[in-house]
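Trainee: Take a look at this one; I'll ask things after.
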Amino acid sequence: MTPISVVRATLLTSALLLPLTAMAQNEGMVPTQALVRADSKENVVLNASAVSLQLNGKATPLTGLAPIPPSGAQVALLIDDGLSRSAGIELGDLRNFPNMLPPGTAVYIGYMRNGTVETAQPFTTDHGDASSKVRLPLGQPGISASPYFCLSEFVRHWPGAPANQDGSPAGKKARFVIMVTNGVDPYNGSTSILNQDSPYVAAAAVDAQRAGVAVYSVYYSDAGFGRRGSFSGQSYLTQVADATGGSLLNIGPINPVSLAPLFQQFGHELSETYVATFNADAGSGGKEKLVRLKVSTSVPKLKLRAADNVRPGNIEMGAGQTQAEQ
């Protein structure tokens, strides 16, 4: 074989091996993280020894568990532009929301409109500046198209974190969304109690799980739906919250008198959220694969909340942002 033939054979062998090497890198056990919230009326400090975790029904050891520091979180406030004009009485609470977050937490302000999210303020740690960007919703019935279209689009294209104070790029941070919306999916055909299975709601929940986003909601009526819409919207918002480890912060057929207590509740739940680290089998599914996640604790009267599914390889926080408990 001539030298040229040897080179050609080597290149051909390398070209054939590259896809197999890349595939191998996508298989097997990979470090993975998920958000876990300690649901308790008391300030319980959680440690790894008190937490049990299962993936696809199989016991899986934790390699780390740590609370989220304020600088390690991103919170996106998404306001439905179709809210009724009565939302004007809540404008002060909406504007104060960024100031209720711990210093160092990055906050985003966006408006859900026409199936997407219009950015009013990109992620920033300047809470005063973010507060000034909050405006009244437009109050046009159905203008959001569907809050679940908006949510899916937003989490699939999550905006980057603001740079560190020294100008260096920020690592990934734990992700949270809090939506203020009526939660109605107008594309499901009906708000009937007998029709509460929407593929668009389910898709939004799965998209949030893939992105590692915990979704919280505040129910607030819009300009076009009545009492039956209230039931339907809250049912859907609860489905998304349960699937992603978040919460629907208010339940009832009428709008909250004040948003401030609900935002305070969100802040409390944020402070009780941890990042759990473990190894998950990525198989050959790549970014699309999800595995069932279940967490429990031996601490009496304490319930842990987490997403129903997690994507193997998902990292909630960048290296150096958390100290793992071994």
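The values are calculated or read from the model by the stated rules, or taken from the named source; none is laboratory data. Computed from a prediction, not measured in an experiment: that's the story for all the values here. Note that each Cβ is placed from the backbone with ideal geometry, even for glycine, and that neighbours are counted across all protein chains shown.
Trainee: Taking the range 299-325 as the region of interest, how many residues are polar (S, T, N, Q) and at pLDDT 90 or above?
Mentor: Adding up the residues that qualify gives 2.
Results for (1) modelled with pLDDT of 95 or more; (2) crowded, with 20+ Cβ neighbours inside 10 Å, shown as yes or no for each residue.
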| position | (1), (2) |
| --- | --- |
| ASP39 | no, no |
| VAL44 | no, no |
| LEU65 | yes, yes |
| ASN96 | yes, no |
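Trainee: In the range 112-147, which residue that is among the small types (Gly, Ala, Ser) and not in a loop (DSSP other than H, G, I, E, B) is nearest to ALA203 (Cα to Cα)?
Mentor: ALA120
Trainee: Output the residues belonging to the range 90-111 that are closer than 13 Å to VAL180 by Cβ, part of a helix (DSSP H, G or I) and without any contact (Cβ under 8 Å) to a residue 60 or more places away in the chain.
Mentor: Selection gives LEU91, ARG95.
Yes/no matrix, rows are residues, columns are (1) free of Cβ contacts under 8 Å to residues at least 12 places away in the same chain; (2) of a type in the set (Gly, Ala, Ser); (3) surrounded by 19 or more Cβ atoms within 10 Å (Cβ to Cβ):
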position	(1), (2), (3)
SER52	no, yes, no
LEU55	no, no, yes
PRO70	no, no, no
ASP81	no, no, yes
ARG85	no, no, no
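Trainee: Separate question: Taking the stated definitions as given, is LEU77 touching a residue at least 60 places away in the same chain (Cβ under 8 Å) and in a strand (DSSP E or B)?
Mentor: yes
Trainee: Looking at the range 112-138, I want the residues that are at positive phi and have a partner that is part of a strand (DSSP E or B) and surrounded by 14 or more Cβ atoms within 10 Å (Cβ to Cβ) with Cβ atoms under 8 Å, at least 6 apart or on another chain. Which pairs are those?
Mentor: Going by the 8 Å Cβ cut-off, there are no qualifying pairs.
Trainee: Moving to a separate point now. With respect to SER217, determine if the residue is modelled with pLDDT of 95 or more and either small (Gly, Ala, Ser) or farther than 26 Å from SER49 by Cβ (or both).
Mentor: Working: modelled with pLDDT of 95 or more: yes; either small (Gly, Ala, Ser) or farther than 26 Å from SER49 by Cβ (or both): yes.
For SER217, the condition - modelled with pLDDT of 95 or more and either small (Gly, Ala, Ser) or farther than 26 Å from SER49 by Cβ (or both) - is met.
Trainee: Here is a follow-up. Determine whether the range 172-186 contains at least one residue that is under 23 Å from ARG305 (Cα atoms), among the charged types (D, E, K, R) and at pLDDT 90 or above.
Mentor: Among the residues of the range 172-186, at least one is under 23 Å from ARG305 (Cα atoms), among the charged types (D, E, K, R) and at pLDDT 90 or above, which makes the answer yes.
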